[in-house]
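Asker: Pasting a structure below so you can have a look.
The values are calculated or read from the model by the stated rules, or taken from the named source; none is laboratory data. The model shown is predicted, which means the values in this text are computed figures rather than measured ones. No Cβ is skipped: glycine too gets one built from the backbone with ideal geometry, and neighbour counts run over all protein chains shown. In case anyone asks, the SASA skips ligands and DNA or RNA and just uses the protein heavy atoms, side chains included. Shrake-Rupley method; radii C 1.70, N 1.55, O 1.52, S 1.80 Å.
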Amino acid sequence: MGVTGPPGPVMDRDEVDRALARLGAEHKAVEDSLLALQDHAGRRLLEGAELTGTTRDRWQSTERTITLLWAYFDAYTAALHAARELRARRRWPGREELAELTERLRGDSVHVPGGALEQAALSERFTLERLVRRMNELYAASLDVVVTADAVWSALPARIDLLAAELGRTRSLAHSVGVRPGEHPAGDELEAITAELTALRSQVVSDPLAFWRSAAGSSAPGGGRPDTARYDQAARALEDIRREIEAVLQVRQDSEDRLLRLRDVLSRADRTLAEARAARGEVLAKIAASEVPAVSGPPTALHERLVAAAEYRRHAQWHRLSPLLDSLEREAEDELLRARESLTAVTAPLAVRAELRGRLDAYKAKVARLGAAEDPLLIERYDAARRMLWSAPCDLRVAEQAVLRYQQAATETLSGPRDDRGNQW
């Protein structure tokens, strides 16, 4: 729709003709716009839908506005037709005719009776310019409702239907692996998403304007976008559940291998603990005055849960097997690590004794290589240290002091005789 030119003094013939041509173009543009609005798919859908909420209220108001638009247009048409008839009477209109034409084209010459406005006691008068502006405003407001509703209907229901189809496929997969409402949280969530999508689609169809976000600062009809927040939330929730179901399906495929690996890890943990218990007995028998930590028994609880996991697999209870396998794998690795740490802690005194034996023999070999093997003091201290290290039980603290004394004697002997002041001869 357009806008007419400004009012002015009495127009001459050329000005009148130009104004009539412009008004004719305005009339055509208004008529085309109203007919396009009349035939708009969104309008037909609004007229045939069972509306609720915001959309119902705004559409009722818009229907009255559209009726008023046609009344304004009829008044505009009549005023333009009358002005054209007046102009057609004479090729060269006189002063009075030009004054009348000026009044019709620029004055408050358009009368809209109160009945057209649904206000019997009131009526309105417009200039042609102001009437066009008024029709533009009402048309924009009406078109905004129609375009907005059509945009929501075009975008959301189809997307909801696609998501519902994906939901159906996910529910079938869930059912195949035992994920059902009341038996698994994901089954309950699928039911909740189903209810949400059903309610959302119904609300979108009956109240599309409630799902529209207007663009900030935009005055154009239909400026904005559909509000997809609830749809997006449902889509994300379904995607999370789909991943969970796929994980359960993966469990069904590789559960046998995972159970075998779990049995192997627990078996290694059992063997390591058995070795630690045997080593503890050896340490207690061979090492004196040593703190030897206790060794825990086999991981009975883990073995029982492993048996339960095998039962879940046997009965195809994949949704229960999946989280159980995940936790068992973590805890079995932790148990093997604890068993190894226990063996290390228990055998630490034996490792210390072995280190002392190695150090003693290394110094003896060094002494022999340098020709001091027959030194009586070294022989005496070596024998004392050896008796302590190869006797049972071995007192590690006393044995370590004996080894240190032998080391000191060997160092002094190998460094040569010294005088009373410590100088080598």
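Asker: Quick one: count up the residues across the range 341-358 that are among the basic types (Lys, Arg) and touching a helix residue (DSSP H, G or I) at 6+ places or on another chain (Cβ under 6 Å).
Answerer: Residues in the range 341-358 being among the basic types (Lys, Arg) and touching a helix residue (DSSP H, G or I) at 6+ places or on another chain (Cβ under 6 Å): 1 in total.
Asker: Quick test for you: out of Arg159, Arg169, Arg133, pick the one residue that is at negative phi, in a helix (DSSP H, G or I), without any contact (Cβ under 8 Å) to a residue 40 or more places away in the chain and out of contact with any strand residue (DSSP E or B) (no Cβ under 7 Å at 6 or more places or on another chain).
Answerer: One residue alone meets the criteria, Arg169.
Residue by residue, here is whether (1) charged (D, E, K, R); (2) at pLDDT below 85; (3) open to solvent by less than 30 Å² (accessible area, probe 1.4 Å); (4) in contact with a strand residue (DSSP E or B) (Cβ under 7 Å, 6 or more places away or on another chain) holds:
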| site | (1), (2), (3), (4) |
| --- | --- |
| Ser327 | no, no, yes, no |
| Arg330 | yes, no, no, no |
| Asp334 | yes, no, no, no |
| Arg338 | yes, no, no, no |
| Thr344 | no, no, no, no |
| Arg359 | yes, no, no, no |
| Ala362 | no, no, no, no |
| Leu370 | no, yes, no, no |
| Glu374 | yes, yes, no, no |
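Asker: With respect to Asp57, determine if the residue is assigned to a helix (DSSP H, G or I), out of contact with any Ser or Thr (no Cβ under 6 Å at 6 or more places or on another chain) and surrounded by fewer than 13 Cβ atoms within 10 Å (Cβ to Cβ).
Answerer: Answer is no for this residue.
Asker: Right, next: Tally time: how many residues in the range 63-82 are at pLDDT 85 or above and more than 60 Å from the chain's Cα centre (by Cα)? I'd like the intermediate steps shown before the answer.
Answerer: Let us first name the residues in the range 63-82 that are at pLDDT 85 or above, namely 63-81.
Among the residues that remain, those that are also more than 60 Å from the chain's Cα centre (by Cα) are: 78-81.
Summing the residues that are at pLDDT 85 or above and more than 60 Å from the chain's Cα centre (by Cα) in the range 63-82 gives 4.
Asker: Just a yes or no: is a residue in the range 286-300 exposed (fewer than 15 other Cβ atoms within 10 Å of the Cβ) and modelled with pLDDT of 85 or more?
Answerer: Looking through the range 286-300, at least one residue is exposed (fewer than 15 other Cβ atoms within 10 Å of the Cβ) and modelled with pLDDT of 85 or more.
Asker: Would you mind telling me which numbered condition in (1) within 30 Å of Asp14 (Cα to Cα); (2) at pLDDT 90 or above Arg159 fails?
Answerer: Condition (1) is where Arg159 drops out.
Asker: How many residues does the range 390-403 contain that are open to solvent by 80 Å² or more (accessible area, probe 1.4 Å) and assigned to a helix (DSSP H, G or I)?
Answerer: Of the residues in the range 390-403, 2 are open to solvent by 80 Å² or more (accessible area, probe 1.4 Å) and assigned to a helix (DSSP H, G or I).
Asker: Only one of (1) part of a helix (DSSP H, G or I); (2) surrounded by 13 or more Cβ atoms within 10 Å (Cβ to Cβ); (3) small (Gly, Ala, Ser); (4) over 28 Å from the mean Cα position of the chain (by Cα) fails for Gly222. Which number is that?
Answerer: With respect to (1) part of a helix (DSSP H, G or I); (2) surrounded by 13 or more Cβ atoms within 10 Å (Cβ to Cβ); (3) small (Gly, Ala, Ser); (4) over 28 Å from the mean Cα position of the chain (by Cα), Gly222 is out only on (1).
Asker: Among the residues of the range 173-202, count how many are of a type in the set (S, T, N, Q) and either open to solvent by 80 Å² or more (accessible area, probe 1.4 Å) or in a loop (DSSP other than H, G, I, E, B) (or both).
Answerer: 1
Asker: Filter the range 248-261 for residues that are under 28 Å from the mean Cα position of the chain (by Cα) and either surrounded by 14 or more Cβ atoms within 10 Å (Cβ to Cβ) or not in a helix (DSSP H, G or I) (or both) and give the result.
Answerer: If the condition is that a residue be under 28 Å from the mean Cα position of the chain (by Cα) and either surrounded by 14 or more Cβ atoms within 10 Å (Cβ to Cβ) or not in a helix (DSSP H, G or I) (or both), then Val248, Leu249, Val251, Arg252 are the ones that fit.
Asker: Does any residue in the range 220-242 that is farther than 30 Å from Arg180 by Cα come within less than 6 Å, Cβ to Cβ, of a residue that is surrounded by fewer than 17 Cβ atoms within 10 Å (Cβ to Cβ) six or more places away or on a different chain, and which pairs are these?
Answerer: Every condition considered, the pairs that remain are Pro221/Ala140; Gly223/Ala215; Gly224/Arg213; Gly224/Ser214; Gly224/Ala215; Arg225/Arg213; Asp227/Arg213.
Asker: Scan the range 109-123 for residues that are part of a loop (DSSP other than H, G, I, E, B) and either at pLDDT 80 or above or among the aromatic types (Phe, Trp, Tyr) (or both) and report the count.
Answerer: Of the residues in that region, 0 qualify.
Asker: Something else: If a residue counts only when it is farther than 30 Å from Asp264 by Cα and either among the polar types (S, T, N, Q) or more than 36 Å from the chain's Cα centre (by Cα) (or both), which helices (runs of 4 or more DSSP H) contained entirely in the range 291-389 have at least 3 such residues?
Answerer: In the range 291-389, 348-369, 376-389 are the helices (runs of 4 or more DSSP H) which contain 3 or more residues that are farther than 30 Å from Asp264 by Cα and either among the polar types (S, T, N, Q) or more than 36 Å from the chain's Cα centre (by Cα) (or both).
Asker: Continuing with this model, one more query. How many residues, within the range 44-54, are at pLDDT 90 or above and either part of a loop (DSSP other than H, G, I, E, B) or open to solvent by less than 70 Å² (accessible area, probe 1.4 Å) (or both)?
Answerer: Qualifying residue count for the region: 6.
Asker: Continuing with the same structure: Would you check which residues across the range 148-172 are farther than 30 Å from Leu321 by Cα and surrounded by 20 or more Cβ atoms within 10 Å (Cβ to Cβ) and list them? It would help to see each step written out before you state the result.
Answerer: Kept after step one, since they are farther than 30 Å from Leu321 by Cα, are these residues of the range 148-172: 148-162.
Thr148, Ala149, Val152, Trp153, Leu156, Ile160, listed by residue number.
Asker: Restricting to the range 60-106, give me the number of residues that are surrounded by fewer than 14 Cβ atoms within 10 Å (Cβ to Cβ), in contact (Cβ under 8 Å) with a residue 40 or more places away in the chain and outside any helix (DSSP H, G or I).
Answerer: 1
Asker: Is there any pair linking a residue in the range 275-295 that is under 17 Å from Leu396 (Cα atoms) to one that is open to solvent by 30 Å² or more (accessible area, probe 1.4 Å) and among the small types (Gly, Ala, Ser), with Cβ under 6 Å and at least six apart or on different chains, and which?
Answerer: Here the result reads Lys286/Ala392; Pro293/Ala345, each pair linking the range 275-295 to a residue that is open to solvent by 30 Å² or more (accessible area, probe 1.4 Å) and among the small types (Gly, Ala, Ser).
Asker: Can we say Arg22 is over 30 Å from Ser206 (Cα atoms), touching a Ser or Thr at 6+ places or on another chain (Cβ under 7 Å) and in a helix (DSSP H, G or I)?
Answerer: The answer is yes for Arg22.
Asker: Right, here's the next one. Any idea how many residues of the range 136-156 are in contact (Cβ under 8 Å) with a residue 60 or more places away in the chain, out of contact with any Phe, Trp or Tyr (no Cβ under 7 Å at 6 or more places or on another chain) and either of a type in the set (Ser, Thr, Tyr) or within 23 Å of Glu50 (Cα to Cα) (or both)?
Answerer: Result for the range 136-156: 12.
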